[in-house]
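Shown next, in structure tokens, is the structure this report addresses.
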Amino acid sequence: MTPTFQRYEGQEAAQQLDAFLPAYEEVYAEPPYCETPRDVKDFIERYQVQTQRPGMRLVLARDDDEVVGFAFGYLLAADTRWWQNLQKPLPEDFTREDGHRTYVIIELAVRSPWRRRGIAAGLHAHLLDGLDAERVTLTVRPEPEAAPAQAAYAAWGYRTVGVSHPWEDAPYYDAMVLELPAAQRAVGAAMGG
């Protein structure tokens, strides 16, 4: 199977929720997430807000018409609280945001039967293609819970910068950053972001 990848931006991404929601529910019903219908409802509400953020992109991987994976994110706003969730503060020059500096990947997931086929790497590449940002950030569960994801992110060039605890009842996550090459940023700027 060679998946097809489709990227949607802004309001187009909002219109694709029904297309990938079954894949989301399937992936996040598995351990270690074990999400409930209430968690899925909360995700839907957050996603509707996130699609309004500048730089919002969604990439879907499909096998024929079936969504087998998805990834989405947006640009961090100048007033973001993203870096305030870290257990140990980072220097101000690192956490300073201007609305264009950092792209955050909120979700990147592949359904179980399609894993280990390069689909996650394809989703990641299509999500970042032509992106006009200095860096990308994301959070991931620590090892051993998320060993395959940790290994993939390390192979793609991410480095851990701290431990994030985004809300009171949340698990702890490793916060990771990938510096984007200047050449990629130049292409993204030439393409209009």
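Tell me, what is the FRET efficiency for A121 and E92 to the nearest 0.05, using R0 = 41 angstrom and their Cβ-Cβ distance as r? After rounding to 0.05, the efficiency reads 0.75. With Cα atoms defining each centre, region 4-41 and region 104-178 are spaced 16 Å apart in the structure. Calculate log10 I(q)/I(0) of region 12-59 for q = 0.18, 0.25, 0.28, 0.32 Å⁻¹, where I(q) comes from the Debye formula with a single equal point scatterer on each Cα and nothing for solvent. Debye output, listed in q order: -0.57, -0.96, -1.08, -1.21. Across all directions, the average projected area of the convex hull around the alpha carbons of the chain is 10.8 nm². Relative contact order of the chain: 20 percent, from C-alpha pairs under 8 Å at least 6 residues apart in sequence.
None of the figures in this text is laboratory data; all of them are computed from the coordinates on show. No experiment lies behind these values; they were computed from the predicted model shown. Virtual Cβ from ideal backbone geometry, glycine too; neighbours counted across all protein chains shown.
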